[in-house]
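Here is the structure we will look at, set down as structure tokens.
The values are calculated or read from the model by the stated rules, or taken from the named source; none is laboratory data. This structure is a prediction, so every number in the text was calculated from the model and none was measured. Because the Cβ atoms are built from the backbone with ideal geometry, glycine has one as well, and the counts that use them run over all protein chains shown.
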Amino acid sequence: MFSKNHACFLKIANLSHGMEAKHKMINLIIPLLPVIILSIALTLLAVLSILKQKNFKRGNKVMWLVIAILIQFIGPGLYFLLGREG
């Protein structure tokens, strides 16, 4: 069957393939970091504002929390445009 050297080579080849996949993933994520950070910041701002708010133009606290958390970017934007009073 396989010699020890061949098995060792296969392990190294598999490790290098895993490293290449990680580098590809990192290369995809890095350009998206500003978008990810902005999305998290908008969601946190909206959630904090919703929790402090007593009255809403439309809907209620639970509805706006669900929208802001589950619908990234659009949810917080909708809250600030349509739901926030004052």
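Only residues that are loosely packed, with under 14 Cβ neighbours inside 10 Å and either acidic (Asp, Glu) or modelled with pLDDT under 90 (or both) were counted across the range 61-76, and they come to 1.
If you go through the range 48-76 and pick out every residue that is touching a strand residue (DSSP E or B) at 6+ places or on another chain (Cβ under 9 Å), in a helix (DSSP H, G or I) and not β-branched (Val, Ile, Thr), you end up with 3.
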